[in-house]
Amino acid sequence: MRSFPRRRQTFTGQVHAADVDLTPIMCLFVILVPMLLLTAVFEQLAALKVRLPQASTLEALDKPREPSGIVELRVLVQEAGLAVEGTLSHEPSGREMDLYRDFRYEIPLVDGRYDMPTLQNVLKDIKGRYPKHEEAVLLVEDAVSYDTIVQTMDTCREEFFLEDGEKRRRSLFPAVVLSEAFAEEKGFEGLREGTRAIDRELGLR
C-alpha cells in the first residue's frame, strides 16, 4: 500500500501541508555561532626547549669538537640560593692548562628571592672570557618551583640591554641542559659518573 504525507484540514474545508518554517532558527544560528567563536577562550600551550644530559661522557667522545675552554658549566638552583661552577680546560687566550681548574661562584638569596641579575652578571663575565662555549647544565633541587626554573633558564640563555635607545638581546648560553641535582655523598652519581668512567677505561682509577 502506498503511503501519503498527512495533511491538515481546516474548518473551512481547505487542505494544507504541515510545513515548518526554519528560517528564524537558521537566522538565530547565523548570529550565535560567530558570537560564540569570538567569546571563546582557546587554550594556549607553551613549550620550553631543553635538552637532557648525556648518559655518559663516553658518548661525547664519538663527536669530537673544538674545545671551548670550559669542560662543563653548571648552574645550581638550590633552596639556599644559586651557584655557578664548572671546570676550565684552557686559558682565555686559548692555551690549554696543564691541570684543569675548577671554579665556583655563590649567589645567595636577596630578601628571600633568587638574585637573577647577579647570576646574569656572572654568566656574562664567563661568556666574555670563553665566547665559544654554548652549553649550561641546570642542576635543580626538588623543592625549587617551576617559575624559578624558567627564570633561571631565561637568564642563562640571553641578556637584554639598551643600545641607542633600543632594546636588544645578546645570546649567552643558549644550549640549556636540565638535570637533577646530585650529591657528593652518593658516590658521584649523575653528571660526574661519565668522567670517572673515562678514567676507569684509561686505567687512571
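Taking region 79-95 as the range and being in contact with a Gly (Cβ under 9 Å, 6 or more places away or on another chain) and either closer than 30 Å to Val150 by Cβ or part of a strand (DSSP E or B) (or both) as the test, the residues that pass are Leu88, Ser89, His90.
Only residues that are in a helix (DSSP H, G or I) and touching a residue at least 12 places away in the same chain (Cβ under 8 Å): list them for region 106-117, please. Within region 106-117, Met116 is the sole residue that qualifies. Inspection of region 54-73 finds a residue satisfying the criterion of being within 22 Å of the chain's Cα centre (by Cα), under 23 Å from Leu123 (Cβ atoms) and at pLDDT below 90.
State all residues of region 100-123 that are charged (D, E, K, R) and either within 16 Å of Phe173 (Cα to Cα) or within 23 Å of the chain's Cα centre (by Cα) (or both); if no residue qualifies, say none.
Narrowing region 100-123 to residues charged (D, E, K, R): 101-102, 104, 106, 111, 113, 115.
Listed by number, the residues that qualify are Arg113, Asp115.
Of note, Asp147 satisfies the criterion of being without any contact (Cβ under 8 Å) to a residue 24 or more places away in the chain, assigned to a helix (DSSP H, G or I) and farther than 30 Å from Gly94 by Cβ. Can you say whether Asp164 is modelled with pLDDT of 90 or more and either within 20 Å of the chain's Cα centre (by Cα) or among the acidic types (Asp, Glu) (or both), as far as the supplied structure shows? For Asp164, the condition - modelled with pLDDT of 90 or more and either within 20 Å of the chain's Cα centre (by Cα) or among the acidic types (Asp, Glu) (or both) - is not met.
Residues are listed down the side, and each one gets a yes or a no for (1) assigned to a loop (DSSP other than H, G, I, E, B); (2) at positive phi; (3) touching a residue at least 24 places away in the same chain (Cβ under 8 Å); (4) loosely packed, with under 10 Cβ neighbours inside 10 Å:
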position	(1), (2), (3), (4)
Asp98	no, no, no, yes
Arg104	no, no, no, no
Leu123	no, no, yes, no
Val137	no, no, yes, no
Arg169	no, no, no, no
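Considering (1) under 13 Å from Leu76 (Cα atoms); (2) part of a strand (DSSP E or B), the lone condition that Leu162 does not fulfil carries the number (1).
Got at least one residue in region 128-136 being within 24 Å of Glu79 (Cα to Cα), in contact with a strand residue (DSSP E or B) (Cβ under 7 Å, 6 or more places away or on another chain), modelled with pLDDT of 90 or more and of a type outside the set (Phe, Trp, Tyr)? Within region 128-136 (the criterion being within 24 Å of Glu79 (Cα to Cα), in contact with a strand residue (DSSP E or B) (Cβ under 7 Å, 6 or more places away or on another chain), modelled with pLDDT of 90 or more and of a type outside the set (Phe, Trp, Tyr)), the answer is yes, since at least one residue qualifies.
The values are calculated or read from the model by the stated rules, or taken from the named source; none is laboratory data. Quick caveat, the model's predicted, so the values are computed rather than measured. Here the Cβ is made from the backbone with ideal geometry for all residues, glycine too, and neighbour counts use every protein chain on show.
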